[in-house]
Structures are given as structure tokens and as C-alpha cells.
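Heads up, the thing below is written out as C-alpha cells.
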Amino acid sequence: MPQSTRRATKIMDKVARAVPRPAEPDFGITKNSHRAMRKLLRQPVTLVGVGIFVIVTLACLFAFLIAPYDPTAIDMTSVLKPPSLEHLLGTDRTGRDVLSRILFGGQVSIAIGLGSAVGAAILGTTLGLLAGYRGGWLDSIVLRASELFMAFPQIIVVLLLVSIVGQSALNLVIIFVATGWGSIYRMARSVTLSIREEEFVMAQRALGIRPLVICFKEILPNAIGPIAVNITLSTAMFILQESSLSFLGLGVPMETPTWGNILNAANDLRVLRDAWWLWLPVGAVIAAFVLSINLIGDGLRDSTDPNLQG
Amino acid sequence: MSAPVTDDVVLRVNGLSTTFYQAGRPNPAVIDVSFQVHAGQTLGLVGESGCGKSATAASIMQLLPPLARIDRGEVIYHSADGVVDIATLRRDGKRMRSLRGPEIAMIFQDPMVSLNPVYTVGWQIVEMIRLHKKVSRSAARQSAVSLLGQMGIPDPERRFDEYPHQFSGGMRQRAMIAMALACEPRLLVADEPTTALDVTIQAQIFELLKQQSVERSMATILITHDMGVVAELTDRVAVMYMGRIVEYGRTQDILDDPQHPYTRALIAAIPQLGRGKDQQLVAVGGSTPDPYHRPPGCQFAPRCPLARDVCDTIPPMVEVGEGHAMHCWRLSFDD
């Protein structure tokens, strides 16, 4: 019967389409990265994070095009003005445009956060790879040093160091790197400890490859997923730290606009009560940006962590 | 199947002893081992698990675990520019590293995990070529592709850009051999290169090794526990038991006329094709002694059908033929 045959074929087609094709076994990171990316972008929450992150970053990056005013231009004729068409987010106590300051301040804050995170990642990963691979006294010394830094409450150490080396954006980055490398070092070390026992590392050694090359070319690519996650999450952490330090007046010098310095105006009850535009928008931007980075970091972890692969 | 017999020795091992330290107790894994490997020839190291085959290989490569040490003996390597005693070199020193690869290369048991999963196979071979030779990336790619072709990998141009997980086990071992040969070593140490592969692939891989060793007049040390492989591929054999070489000689001599009781037992234990399923398999009786509670003399004595009182002292290495020696008291028995 042709009718039923056609129907059967149709059903078969449907079944064939419904049955997923057998997935290839997938061990390679490079190959994985496509899949990781697809998986990352399929999570709606991560997409929200990426959206906020891109908007805020682009707005800050192109502040010189978007910002209506010079962020440091003082205008004593319009002081503490609430938001209006002229000043979309009002003005501060010296008549500077708050929106412009948030946009330009974002440049410094993001640069500090990202710079510190990348710096800490480079330092921590290098030490983790070398000390983990070599082992011995080098490993024990670096391990104790990282424990020392992680045992103190970080903000106290940072405060102490700021009071010693002084306030500047660059000093802040250096301090953040010096206090923040511990966690990523320990992660890179543990990955190295497990991968150096893999047979392919032995095979590479048997073919005369130098230890340094083995560390950076053979082991590092296997650890790149968790390192990327760590960089995003610590970027958020360092942005928050910069903001809190600057809020305390110990971060970046007051004349440079940063998110923390803008927020610094809010350490006054009158401002808190009467001039909400001085702290609410910038607070919201910090919160949203940090949240977006955390969302991206979580998404990245979910899509690259082999333990969570379904 | 016979290799051009040349007399240029590539590696001469003399009285090599290596001790492993586990839980503070020394375990002599390799005891007084001596052999030679000639260019273009294959030496088989045979024995059961834990007899010191791999430890011998690791000593030659200086790839011993941290808690192991070469105690005595020499590992004389005849390189193109002079003679070097590997046993005296620092483990990860410059000189040792410069030997690994372009002079002595090693391939391992499990091809599944011997390649880095994050790089393409071709990339890894190119890296190996460029590490040891100053050639451009495209020239290295060319020779890597032709090397893959020589290893019998079909469509090497396409396979070049694939990842290890896209290769089957046999293909991976071929790729691994290509990587080792990329450095054009004069000595190849193959540590049970086919244990993880199925039988038909094993034969192909051995064929490939044999052919490459002859073509490149490369010396090969083949570690195996398979007597059939020994018969098929090797020119000389060293049979090891509990860290010692118990019998050493030309493969033909040993297979035709095994002298040591252990070698005889090993050969008797091989099932013969065609004798049917009811044939008697003569297993070697007993089991290997605990390495920490060794017999005082001949290590095989407790399992040996011929053992006498004299076997409680360590037997000498006795010549039984031209270039054929065994580690046994048997010939001094009066009867």
C-alpha cells in the first residue's frame, strides 16, 4: 500500500531526526571551545550578563564620544543640581556632570579590575605551573607565601600596603596583583600536579622537550578553562575592592574619576538623603557590572567544566 | 626478516643496577644487567610483569621516578660525536635532554594517553621536528605529512589537522612512532608499544617498527612479554627475571635451544596454533617472589624443576654458545 508506505517513511524520517547524532568523544579544549561557546550563549542568564557587560564597557570605552561634559570641568553656577535634560544624571558638589564622570570613571575602574585580574592570573599561573611541575623547595616556599597572603583579610593587607606605597591607580593594580595571585596560583598548581603525571607529559620528556616548554605549551592549554573563569570572577572582585577603597578615600587619588571616587561623595548623610543622583546611579552601575561579570564567569564555568558536562 | 648485520654498537649496557626506594625499603629492580644493541638491529627485552624490563628502559632514558637511582654500572651510548656514559649524566641536565629525542627516543605502552589531547596530531609532530632541526614551519609540515604517510596513515594531509581523539588506538600509536621518528633517533626504545592494541593492529605496528628500524638503520630495544613477537621481530633477546638477565643471545639460538629453565618454561607455555583446544598449556609453576623477601641465590630456584642446594648461592653468567649466555648453575651439575 503506497499510502501506508509513505506514512511509514515519514515516521522513520521523524524518528531519524529526533534521535540525536552520536556525539564525538571530545577531549580537546580547542575543539571544545566551539561547543563551550555555543553552550555559553544558550544560557539566557549568561546572555543577560554578556549584554550588560558589553553595553557598559562600550559606553565607558567611547566616553569621549558619548559623555556630554568634561568629567573634571567644574561649574560653580550649577552645583548639586538634580537630573535634568541639561545634566541627565545631575551634577555633584562642584558642578561636575555625574553622567560624564560615571562614563569616564568606568574606564579607570574597569582597567584597574581587569588589569589586576590579568596581572594576578599571569603571576599566579606562572608560579603555579613552574612550582607545581618542579616541586621541591620552590613549591613549598611559594605555597607558604600564598597561604600567608590568603590568611590575612585581604582588605587589611591592601589598606596597609596603600598606606606604605601611596595612592595611585598603578599602585592599586600592583597591590591587587600582589595580594590576589594566591587563589589562581593554587588552582594552576593543582592542575599542573595532576597533568604532569599524565603519560603524554612523560612521552614529551622522553622526546627531549624542555621543562619550560612542557609547562607552557603542554600543561597550560589544559588549564585554560578554569583560568578564564578565575580571571572574570576576580575582575569583578577587584572592581568592588577598588570601589570600596576609593569610597574610603584610600584608592585612586580623588581628582581621577573612578566609580569608587564618585561614590565617595555619599559618605555624607545629607548627600545620602537629599542628592540620590550622586550615589544611586553609580552604585547601580557598579552592581550591574559586577553582577554581569559574575554571570559570565558562572556561565563560563558551567560550559567549560568537564565535571558539569551533561 | 633478517636485518643487515652490522657491528656498530649503538648502546652498550654494562653491569647496570637500579634500585627503587619504596616506603624506605630498597627494591633492586635492575641487577647487574648487561647487553648491547647494534645499529639496524632489534633487541628484545622479555619477561613477566615487574621483572625490570621497563625499569631498564627508564634507566637508559634517565626517566626514573624520583625515588629511584642507578647504583652501579655503565650505559655507554655511542653518539655521532663521541661516547657518553648516560649513567653518569644528570637526570634532567642539558646533556641528557639533548640525547632524548634526536639520539634516543622512546615510545610508550598506551597510545591513548601519549599524545596531548589539546593539539592536533600534525601540530605535535611539527613541534617535534622544529625542536630538533632548524627548518621553516611549512618545510616541517611537509616532512610531518610524509612521515605520517610512511607510518601507513591513510590520507595524511587530512589526518594532519585532526586531534588525537579522532584517531583510533592503532593510528595513535602510528602517530606516536612518527613523533619519535621525527627526531631521527639512532636508538628507539619501545616499551610494550602494542599492549593496548588488538592483535591485528599489533602485527601491523610491529611490522612498521621492524621496517623503520631496517630502513633507517636504527637500533631498537623492544620491551615485550610476548614470545611470539620476540621470535618474529628481534635479532637478539635478553630474558629477564626478577631484575636480572637470565639468558641472553641471538633470537634463533634461544628459540631453538633455550638453556635457562625459565626460558624453557616460557617457551613451553606458548599455546601452539593448530593443536586444538585440548592441548596442555604448561604454566610456569608458582609465582614470582616478593621483591622484599628474595630467595638468597638464584631468583628462579623456588619455581625451578632442576633446583639443587647450590642454587641458594647466586649463579654465574655462563657461556653456552657463541654470544649465548645464561645465568644458571645447571651446567655444573654432575649428572
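Filter segment A:197-240 for residues that are of a type in the set (Phe, Trp, Tyr) and either touching a His at 6+ places or on another chain (Cβ under 7 Å) or surrounded by 18 or more Cβ atoms within 10 Å (Cβ to Cβ) (or both) and give the result. Across segment A:197-240, the qualifying residues are A:Phe200, A:Phe238. Does B:Pro26 satisfy being under 24 Å from A:Arg205 (Cα atoms) and either in contact with a strand residue (DSSP E or B) (Cβ under 6 Å, 6 or more places away or on another chain) or assigned to a loop (DSSP other than H, G, I, E, B) (or both)? Here the answer is no, as B:Pro26 does not meet what is asked. Among the residues making up segment B:256-287, those that are modelled with pLDDT of 85 or more and crowded, with 16+ Cβ neighbours inside 10 Å are B:Pro258, B:Gln259, B:His260, B:Pro261, B:Tyr262, B:Thr263, B:Arg264, B:Ala265, B:Leu266, B:Ile267.
Of everything listed in (1) closer than 25 Å to B:Leu255 by Cα; (2) in contact with a helix residue (DSSP H, G or I) (Cβ under 9 Å, 6 or more places away or on another chain); (3) not in a loop (DSSP other than H, G, I, E, B), the single unmet condition for B:Glu48 is (3).
Return the total of residues in segment A:166-185 being in contact with an Asp or Glu (Cβ under 9 Å, 6 or more places away or on another chain) and either within 18 Å of A:Val142 (Cα to Cα) or within 9 Å of chain B (Cβ to nearest Cβ) (or both). Total meeting the criteria: 2. Only a single item in (1) within 13 Å of chain A (Cβ to nearest Cβ); (2) surrounded by fewer than 16 Cβ atoms within 10 Å (Cβ to Cβ); (3) of a type outside the set (A, V, I, L, M, F, W, C) is not met by B:Arg69, and it is number (1). Take the conditions (1) exposed (fewer than 14 other Cβ atoms within 10 Å of the Cβ); (2) of a type outside the set (Val, Ile, Thr); (3) touching a Leu at 6+ places or on another chain (Cβ under 7 Å); B:Lys94 misses just one of them, which is (3).
Within segment B:28-52, being under 16 Å from B:Val230 (Cα atoms) and charged (D, E, K, R) holds for one residue alone: B:Glu48. The residue pairs whose first member lies in segment A:95-121 and is on the phi > 0 side of the Ramachandran plot, whose second member is hydrophobic (A, V, I, L, M, F, W, C), and whose beta carbons are closer than 6 Å, counting only pairs six or more residues apart or on different chains, are A:Gly95/A:Ile74; A:Gly95/A:Met76; A:Gly95/A:Val79.
Within segment B:82-123, if we keep just the residues that are more than 9 Å from chain A (Cβ to nearest Cβ) and in contact (Cβ under 8 Å) with a residue 60 or more places away in the chain, the residue that is farthest from B:Met61 (Cα to Cα) turns out to be B:Pro111. For the criterion of being within 20 Å of B:Ile76 (Cβ to Cβ), surrounded by fewer than 17 Cβ atoms within 10 Å (Cβ to Cβ) and modelled with pLDDT of 90 or more, B:Ser17 fails.
Looking across B:Pro295, B:Pro305, one residue alone is under 28 Å from B:Ala29 (Cβ atoms) and surrounded by 13 or more Cβ atoms within 10 Å (Cβ to Cβ). It is B:Pro295. Only one of the numbered conditions (1) surrounded by fewer than 18 Cβ atoms within 10 Å (Cβ to Cβ); (2) in contact with a helix residue (DSSP H, G or I) (Cβ under 7 Å, 6 or more places away or on another chain) is violated by B:Gly40, and that is (1). Screening A:Ile209 on (1) touching a residue at least 40 places away in the same chain (Cβ under 8 Å); (2) not in a helix (DSSP H, G or I) shows it passes everything except condition (1). If you check A:Glu197, A:Glu242 for being among the charged types (D, E, K, R), within 25 Å of the chain's Cα centre (by Cα) and at pLDDT 85 or above, only one passes: A:Glu242. Summed over segment A:74-94, the residues that are more than 15 Å from A:Ile262 (Cβ to Cβ) and of a type in the set (Gly, Ala, Ser) give a count of 2. Only residues that are surrounded by fewer than 18 Cβ atoms within 10 Å (Cβ to Cβ) and either in contact with a Lys or Arg (Cβ under 9 Å, 6 or more places away or on another chain) or not hydrophobic (A, V, I, L, M, F, W, C) (or both) were counted in segment A:159-182, giving 5. Using the structure shown, decide if A:Val252 is over 25 Å from A:Arg134 (Cα atoms) and among the aliphatic types (A, V, I, L, M). Yes, satisfied. Looking at segment B:143-155, can you tell me whether even one residue there is crowded, with 20+ Cβ neighbours inside 10 Å, of a type in the set (Val, Ile, Thr), farther than 29 Å from B:Gln41 by Cα and modelled with pLDDT of 85 or more? No: segment B:143-155 contains no residue that is crowded, with 20+ Cβ neighbours inside 10 Å, of a type in the set (Val, Ile, Thr), farther than 29 Å from B:Gln41 by Cα and modelled with pLDDT of 85 or more. B:Phe206 - would you say it is in contact (Cβ under 8 Å) with a residue 24 or more places away in the chain, away from chain A (no Cβ under 14 Å) and under 25 Å from B:Leu43 (Cβ atoms)? Considered against the rule, which asks whether it is in contact (Cβ under 8 Å) with a residue 24 or more places away in the chain, away from chain A (no Cβ under 14 Å) and under 25 Å from B:Leu43 (Cβ atoms), B:Phe206 comes out as yes.
The values are calculated or read from the model by the stated rules, or taken from the named source; none is laboratory data. These numbers were taken from a predicted model, which means no experiment stands behind them. Note that each Cβ is placed from the backbone with ideal geometry, even for glycine, and that neighbours are counted across all protein chains shown.
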